[in-house]
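Undergrad: Questions regarding the structure given below will be posed in turn.
The values are calculated or read from the model by the stated rules, or taken from the named source; none is laboratory data. All of these numbers come straight from a predicted model, not from anything done at the bench. Using ideal geometry, Cβ is built from the backbone for each residue, glycine included, and neighbour counts are taken over all protein chains shown.
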Amino acid sequence: MPRNLSLALAVLFLLLTSHCAPAAQSDPLVALTPYITLTASATATLLPLGDGEGAQTALPTSTPFTYIIQAGDTMGALAQKFGVSLDALIAANPSISPNVMPVGAILLIPSDQNNPTGEATPTPVPFVISQIDCHPTLDNGMWCFALARNDSDSALENLSARISLLSADGGVVAAQDALPPLNVIPPHASLPLTAFFPPPAPLGARPRAQILSATSLAPDDTRYLPAALGTPLIEIAADGRTARVRGEVALPANAAAAQTVWVAAVAYDEMGRVVGFRRWEGSGLQPGASLPFQLTVASLGSRVTRVEVFVEVRP
């Protein structure tokens, strides 16, 4: 039974596999986020890259830009971080209460020329969308994946894009904001920005991605912990419809305790196209300890031939 194994040595771990055997036991997953649970479709169809083939590079844009709210964020701290006044930040986001900051919501960061520090609002850094594909589901919905590629030497966070579905005459028939399964994309790695279009999705529409935001992550940012994956195992089913991932997430003894542990698996077909993804969530990882995980990712399109695995841990 051929298997490929790889050991993670960094904060964010990347594992590739191309030939694995099917798992014999059933999948006991109970801790997966429902919105990223994929439904396999026997008639899934790949849609073409919007606006011509090739990669799309995100060029720096003028402010304002967007930020994805994370656990522990406050309006005051974000106003200070981005060099804008608190009043301007609140006014730019009337639908978000400063007292209830919904994790995962998109916050508009305005330009404030009169902020007391004189600091300019950060400009989004460039990244590349190398492919965009959409896959219908059995309930007539549709998942769209825009693969974000980080060619820089720094990790990127707060990536987002707007995926629009275009009719034959170029009109927008539906649009959704697309986010990655993790907050951070490591240097020289890729993660899909994902969006789900509820049924009835406009099948046959042509997808297009417009990049909204991305910022560089400082190497010493204390919001993320130096986790590692120990001897993970990936098993691809014989029919290529699913892949099972098992392993452990470990923290060094000198790290802070982790309250949030995420493991993301991204499935690719033989053409290098994203065909599925899934995120496992855990918590309560202590310094010097490890936390076992297992998940199964299903394909919405062609057979799975390799899987990339990433881990993200936060205090």
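Undergrad: Could you check Val304 against (1) part of a loop (DSSP other than H, G, I, E, B); (2) surrounded by fewer than 23 Cβ atoms within 10 Å (Cβ to Cβ) and say which number it fails?
TA: Of (1) part of a loop (DSSP other than H, G, I, E, B); (2) surrounded by fewer than 23 Cβ atoms within 10 Å (Cβ to Cβ), only one is false for Val304: (2).
Undergrad: Among the residues of segment 99-106, is any surrounded by fewer than 17 Cβ atoms within 10 Å (Cβ to Cβ), over 23 Å from Ala218 (Cα atoms) and at pLDDT below 85?
TA: Looking through segment 99-106, at least one residue is surrounded by fewer than 17 Cβ atoms within 10 Å (Cβ to Cβ), over 23 Å from Ala218 (Cα atoms) and at pLDDT below 85.
Table: residues versus (1) more than 19 Å from the chain's Cα centre (by Cα); (2) closer than 27 Å to Asp153 by Cα.
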site: Asp177; (1), (2): no, yes
site: Glu235; (1), (2): yes, no
site: Asp239; (1), (2): yes, no
site: Ala255; (1), (2): yes, yes
site: Val266; (1), (2): no, yes
site: Phe277; (1), (2): no, yes
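Undergrad: Something else: Within segment 228-259, how many residues turn out to be buried (at least 17 other Cβ atoms within 10 Å of the Cβ) and either among the aliphatic types (A, V, I, L, M) or at pLDDT below 95 (or both)?
TA: Here the count works out to 14.
A quick yes/no check of all residues on (1) touching a Phe, Trp or Tyr at 6+ places or on another chain (Cβ under 8 Å); (2) of a type in the set (Lys, Arg):
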| residue | (1), (2) |
| --- | --- |
| Thr194 | yes, no |
| Ser213 | yes, no |
| Arg223 | no, yes |
| Leu229 | yes, no |
| Ala238 | no, no |
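Undergrad: Residues being among the aliphatic types (A, V, I, L, M) and either in a loop (DSSP other than H, G, I, E, B) or more than 25 Å from the chain's Cα centre (by Cα) (or both): count how many of those fall in segment 64-108.
TA: In the first step, residues of segment 64-108 are kept if they are among the aliphatic types (A, V, I, L, M); the result is 68-69, 71, 75, 77-79, 84, 86, 88-92, 96, 100-101, 103, 105-108.
Still in the running and either in a loop (DSSP other than H, G, I, E, B) or more than 25 Å from the chain's Cα centre (by Cα) (or both): 69, 71, 84, 86, 88-92, 96, 100-101, 103, 105.
Looking only at that region, the number is 14.
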